[in-house]
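> The structure is given below, and queries will be raised subsequently.
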Amino acid sequence: MSKQHVNVIIIGGGAAGFFAAINIAELHPHLSVAILEKTSHLLKKVKISGGGRCNVTHTCFEPKELSSYYPRGGKELLGAFYQFQPLNTIEWFASKNIELTTESDGRMFPVSNTSETIVNCFLHLAKKHKIAIITETKVEKILPLTNGFELTTNNGEFTAEKIVVTAGGFNKAEQYQFLTDLGHSIQPPIPSLFTFNLPQHPICELQGISVNHVAIKIKESNYKEEGPLLITHWGMSGPAVLKLSAWAARFLQEKNYNFTYFVNWLPNLSAEEITTQLTDFKTKVATKKVSNAFPFDFPKKLTLYFLQKATIDENINWGDVSKKQLHLLTNILAADEYFSKGKTTFKQEFVTCGGIKLNEVNFKTMESKLQPNLFFAGEVLDIDALTGGFNFQAAWTTAWITAQHINS
Ligand SMILES: Cc1cc2nc3c(=O)[nH]c(=O)nc-3n(C[C@H](O)[C@H](O)[C@H](O)COP(=O)(O)OP(=O)(O)OC[C@H]3O[C@@H](n4cnc5c(N)ncnc54)[C@H](O)[C@@H]3O)c2cc1C
């Protein structure tokens, strides 16, 4: 079978792959560009992202602050954000007639409120610029030649002068072999942005209940995050948990995901203040049933859960609550202890922590420091962010920079 030749081959038809391909085609119309995608699906993650709405980016326009949302890669991305940041993302999509709208927490979505808008835009532009899209073609080996590369796939051989690797994250180190064979090394992949497992814990019966503001701290560590919490049928989720899982990703993996953590249900109050408020309340509403009045604003079912945990019978009056019980209740509200046991399967995770080591890539150009004409963009790099549109922003930024420098 003869080898197909293309000027630029993009490995992976996801967010970074399409963004790189389109920008390369627009900037360098004389170059032929092909996307090789191992599956039969294009832009699969874009489609399902943000609950089908695609959280494209975040209204954070100061590079330093922006880089603080990346547990891995923030330092390296700082300079890159001076080249292409959320303002540029907004402009880029606006230039393609896609307006983005901002939610109260800063997340930005297409005004259409569906990821199809982004998917269709990319597919349309790829067609317009005659970018070849070759699906069910898995790159298995890359051989550097004197003037380019030879790629072996399950669907024939290709040659190209330049390669952009946008293959996303993998869950096993072996899956990076076609890149490590080129001399690159990886930070071992582990999950980030995962939920905390509490198998058979009574709190799981409160699934669906969320609390706007809690603080969670992992025992015997400095890892602590604040934000909303969601109780699920398997444990705890929501922004506070996801943020913590991202920052503590390696620490928790080393603990085999068996760890103790404390939920502070009232992070704006000290334990002393909670005790004072409970004691005052007890005096003020002494003849009221504990289940009918509570000094803090929580969903009723959660309040009953706290009372039960503090051994307070829900049918007694506040006046009958003992000092010891009040003390127990304070402890629960200020530092409610949980033991997370193991974790859910890797496939459900949002992003990979780990990937191509960042010191092997020039972040001014996204070119490999080890192999000239080899570029990296997106999640294949050891970059991952908190939720909020930051992961896509890293893909747009690194892909855009690649396009600027691919022909220099
Ligand atoms: C459920 C879910 C929701 C998310 N929501 C958001 C969100 O709203 N906002 C946000 O910022 N981030 C979100 N993320 C994260 C975001 O989707 C990723 O960070 C982003 O898609 C990474 O883009 P990428 O192009 O680097 O990798 P990917 O999107 O993973 O694309 C890589 C592609 O390369 C292909 N590939 C891999 N190896 C090969 C090979 N050897 N040969 C050929 N092809 C190959 C893969 O099949 C894949 O199609 C979400 C992730 C998930 C899982």
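> Can you run down the residue pairs with Cβ atoms below 8 Å, 6 or more apart or on separate chains, where the first is in region 4-27 and over 16 Å from N373 (Cβ atoms) and the partner is more than 8 Å from the ligand (Cβ to nearest atom) and at pLDDT below 95?
L27/N407
> Quick one: which residue in V361, V351 is within 30 Å of E174 (Cα to Cα), at pLDDT below 95 and aliphatic (A, V, I, L, M)?
Matching residue, one of V361, V351: V351.
> Here's something else I'd like to know. Considering only region 160-219, how many residues are within 16 Å of the ligand (Cβ to nearest atom) and among the small types (G, A, S)?
Matching residues across region 160-219 total 6.
> Which one of these is part of a helix (DSSP H, G or I) and touching a Pro at 6+ places or on another chain (Cβ under 6 Å): A246, A215? Let's see the steps before the verdict.
On the way: A215 fails: part of a helix (DSSP H, G or I).
None of the other options fit; the residue is A246.
> Do you know which residues across region 261-294 are within 14 Å of A334 (Cα to Cα) and in a loop (DSSP other than H, G, I, E, B)? Outline the logic, then answer.
Of the residues in region 261-294, the ones within 14 Å of A334 (Cα to Cα) are 261-278.
Of everything in region 261-294, those that are within 14 Å of A334 (Cα to Cα) and in a loop (DSSP other than H, G, I, E, B) turn out to be W265, L266, P267, N268, L269, S270.
Conditions (1) closer than 16 Å to F93 by Cα; (2) more than 7 Å from the ligand (Cβ to nearest atom); (3) not assigned by TED's automatic domain parsing to the domain that holds T89, marked per residue:
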residue: E26; (1), (2), (3): yes, yes, no
residue: S32; (1), (2), (3): no, yes, no
residue: L36; (1), (2), (3): no, no, no
residue: G51; (1), (2), (3): no, yes, no
residue: P63; (1), (2), (3): no, yes, no
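> Does region 348-373 hold any residues that are farther than 13 Å from S185 by Cα and within 14 Å of the ligand (Cβ to nearest atom), and which are they?
Looking only at region 348-373, we keep the residues that are farther than 13 Å from S185 by Cα, and these are 348-353, 362-367, 372-373.
Within region 348-373, Q348, E349, F350, V351, T352, C353, M366 meet the criteria.
> Can you tell me which residue within region 1-21, out of those that are of a type outside the set (F, W, Y), under 19 Å from N407 (Cβ atoms) and crowded, with 24+ Cβ neighbours inside 10 Å, is nearest to the ligand (Cβ to nearest atom)? Give the steps one after another, and end with the answer.
Keep residues of region 1-21 that are of a type outside the set (F, W, Y), which gives 1-17, 20-21.
Pick out the ones that are also under 19 Å from N407 (Cβ atoms) and you get 5-11, 16-17, 20-21.
Right, trim to crowded, with 24+ Cβ neighbours inside 10 Å and you get 8-11, 16-17, 20-21.
On the way: V8: 15, I9: 10, I10: 9, I11: 5, A16: 3, G17: 5, A20: 9, A21: 11 Å.
Here the residue is A16.
> Against the conditions (1) within 13 Å of the ligand (Cβ to nearest atom); (2) buried (at least 22 other Cβ atoms within 10 Å of the Cβ); (3) closer than 24 Å to W247 by Cα, where does F81 fall short? Just the number, please.
(1)
> Can you name the residue in region 240-251 that is in contact with a Phe, Trp or Tyr (Cβ under 8 Å, 6 or more places away or on another chain) and touching a residue at least 60 places away in the same chain (Cβ under 8 Å) and, of all such residues, is surrounded by the most Cβ atoms within 10 Å (Cβ to Cβ)? Spell out how you get there, then give the answer.
First, pick out the residues of region 240-251 that are in contact with a Phe, Trp or Tyr (Cβ under 8 Å, 6 or more places away or on another chain): 241-242, 244-245, 247-248, 251.
Among the residues that remain, those that are also touching a residue at least 60 places away in the same chain (Cβ under 8 Å) are: 242, 247.
On the way: L242: 22, W247: 19.
Result: L242.
> Oh, and also: Quick check on K130: is it on the phi > 0 side of the Ramachandran plot and of a type outside the set (A, V, I, L, M)? Don't jump to the end; show me each part of the working.
Numbers: on the phi > 0 side of the Ramachandran plot: yes; of a type outside the set (A, V, I, L, M): yes.
Criteria met by K130.
> If you don't mind, another one. Can you give me the number of residues within region 10-62 that are basic (K, R) and either touching a Gly at 6+ places or on another chain (Cβ under 7 Å) or in a helix (DSSP H, G or I) (or both)? It would help to see each step written out before you state the result.
Within region 10-62, the subset basic (K, R) is 38, 44-45, 47, 53.
Now drop any that are not either touching a Gly at 6+ places or on another chain (Cβ under 7 Å) or in a helix (DSSP H, G or I) (or both), which leaves 44-45, 47.
Residues in region 10-62 being basic (K, R) and either touching a Gly at 6+ places or on another chain (Cβ under 7 Å) or in a helix (DSSP H, G or I) (or both): 3 in total.
For (1) among the aliphatic types (A, V, I, L, M); (2) more than 33 Å from the chain's Cα centre (by Cα); (3) crowded, with 16+ Cβ neighbours inside 10 Å; (4) assigned by TED's automatic domain parsing to the domain that holds K224, each residue gets a yes or a no:
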{"position": "V263", "(1), (2), (3), (4)": "yes, no, yes, yes"}
{"position": "I274", "(1), (2), (3), (4)": "yes, yes, yes, yes"}
{"position": "Q277", "(1), (2), (3), (4)": "no, yes, yes, yes"}
{"position": "D280", "(1), (2), (3), (4)": "no, yes, no, yes"}
{"position": "L302", "(1), (2), (3), (4)": "yes, no, yes, yes"}
{"position": "T311", "(1), (2), (3), (4)": "no, yes, no, yes"}
{"position": "K323", "(1), (2), (3), (4)": "no, yes, no, yes"}
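> How many residues does region 94-122 contain that are assigned to a helix (DSSP H, G or I) and in contact (Cβ under 8 Å) with a residue 40 or more places away in the chain?
Narrowing region 94-122 to residues assigned to a helix (DSSP H, G or I): 94-95, 116-122.
Narrowing the set further to residues that are in contact (Cβ under 8 Å) with a residue 40 or more places away in the chain leaves 116-119, 122.
The qualifying residues number 5.
> Does L328 count as closer than 27 Å to V241 by Cβ, in the same structural domain as L206 (by TED's automatic domain parsing) and either touching a strand residue (DSSP E or B) at 6+ places or on another chain (Cβ under 9 Å) or surrounded by 19 or more Cβ atoms within 10 Å (Cβ to Cβ) (or both)?
Numbers: closer than 27 Å to V241 by Cβ: yes; in the same structural domain as L206 (by TED's automatic domain parsing): yes; either touching a strand residue (DSSP E or B) at 6+ places or on another chain (Cβ under 9 Å) or surrounded by 19 or more Cβ atoms within 10 Å (Cβ to Cβ) (or both): no.
No; evaluated as a whole, the condition is false for this residue.
> Got a sec? Which of H41, H58 is in the same structural domain as N113 (by TED's automatic domain parsing), more than 17 Å from N391 (Cβ to Cβ) and near the ligand (Cβ under 10 Å from one of its atoms)? Can you show your working first?
Values: H58 fails: more than 17 Å from N391 (Cβ to Cβ).
Only one candidate passes the filter, namely H41.
> Would you check if L125 is more than 14 Å from the ligand (Cβ to nearest atom), in contact (Cβ under 8 Å) with a residue 60 or more places away in the chain, buried (at least 17 other Cβ atoms within 10 Å of the Cβ) and outside any strand (DSSP E or B)? Give the steps one after another, and end with the answer.
Numbers: more than 14 Å from the ligand (Cβ to nearest atom): yes; in contact (Cβ under 8 Å) with a residue 60 or more places away in the chain: yes; buried (at least 17 other Cβ atoms within 10 Å of the Cβ): yes; outside any strand (DSSP E or B): yes.
So L125 fits the description; yes.
The values are calculated or read from the model by the stated rules, or taken from the named source; none is laboratory data. Just so you know, these numbers come straight off a predicted model, no measurement behind them. All Cβ positions, even for glycine, are placed from backbone atoms using ideal geometry, and neighbour counts span all protein chains on display.
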